[in-house]
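Note sheet for the following structure.
The values are calculated or read from the model by the stated rules, or taken from the named source; none is laboratory data. All values reported here derive from a predicted model rather than from experimental measurement. Cβ placement follows ideal geometry from the backbone for every residue including glycine, while neighbour counts extend to all protein chains displayed. Note: areas computed on protein heavy atoms with side chains; ligands, DNA, RNA excluded. Shrake-Rupley method; radii C 1.70, N 1.55, O 1.52, S 1.80 Å.
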Amino acid sequence: MKYPYESAVIKEEVPVFALMTSVKYVAMHWHDRIELLLVLKGQIHVYVGREEYVLKEHDLLLINSNEVHGVESDQENKLLLIQIPITFIKKFYTNIEDESFHCQSFQSMDQQSYNKIRPLLAHLMLAVKRKEENYEIKVHSLLLDVVYQLVTHKPQNELGQ
């Protein structure tokens, strides 16, 4: 089965797609960006390939670039969605296309790495939303900090990894 490619206009000055949203249904799709989902309220079901994950408040999930995924929920929810283009990451970390992250906070007892990433995502969302003077610098800084946490600390889930 073929799945549609999701396209988003991401400007070079602010190389991120950041959205605070509620979801009922997002059809299976893929894109060439890593996607981080942080549940702020409620519960969602995320489908990545043939896997299904149930995410609750404070759960963080990374969907790797080019992975087919979709989301649905029948509950009231609020989530933070951050997409970072591989082309941006590649400028600073050339091996990004060889990486496959297993960043699933809900399957890990050790939350230390995740506790570093969660506030970065919140600050990133605020910087993008507020657009204060020179916010582009702040966005780049936060994006690089997120990437640094991912490639240096490699948050892992213990179940099945």
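What the table below lists for this structure:
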{"item": "Criterion: open to solvent by 40 Å² or more (accessible area, probe 1.4 Å) and not small (Gly, Ala, Ser) - qualifying residue of GLU35, GLU52", "result": "GLU52"}
{"item": "Close pairs (9 angstrom Cβ cut-off, 6 or more residues apart or separate chains): open to solvent by 100 Å² or more (accessible area, probe 1.4 Å) in region 127-146, assigned to a helix (DSSP H, G or I) anywhere", "result": "GLU132/LYS138; LYS138/HIS123; LYS138/LEU124; LYS138/ALA127"}
{"item": "Count of residues meeting criterion [in contact with a strand residue (DSSP E or B) (Cβ under 7 Å, 6 or more places away or on another chain) and either part of a loop (DSSP other than H, G, I, E, B) or over 15 Å from GLN75 (Cα atoms) (or both)] in region 33-52", "result": "10"}
{"item": "The one condition in (1) open to solvent by less than 50 Å² (accessible area, probe 1.4 Å); (2) more than 16 Å from LEU142 (Cβ to Cβ) that PHE106 fails to fulfil", "result": "(1)"}
{"item": "Selection count where residues are touching a residue at least 40 places away in the same chain (Cβ under 8 Å) and assigned to a helix (DSSP H, G or I), scope region 97-111", "result": "3"}
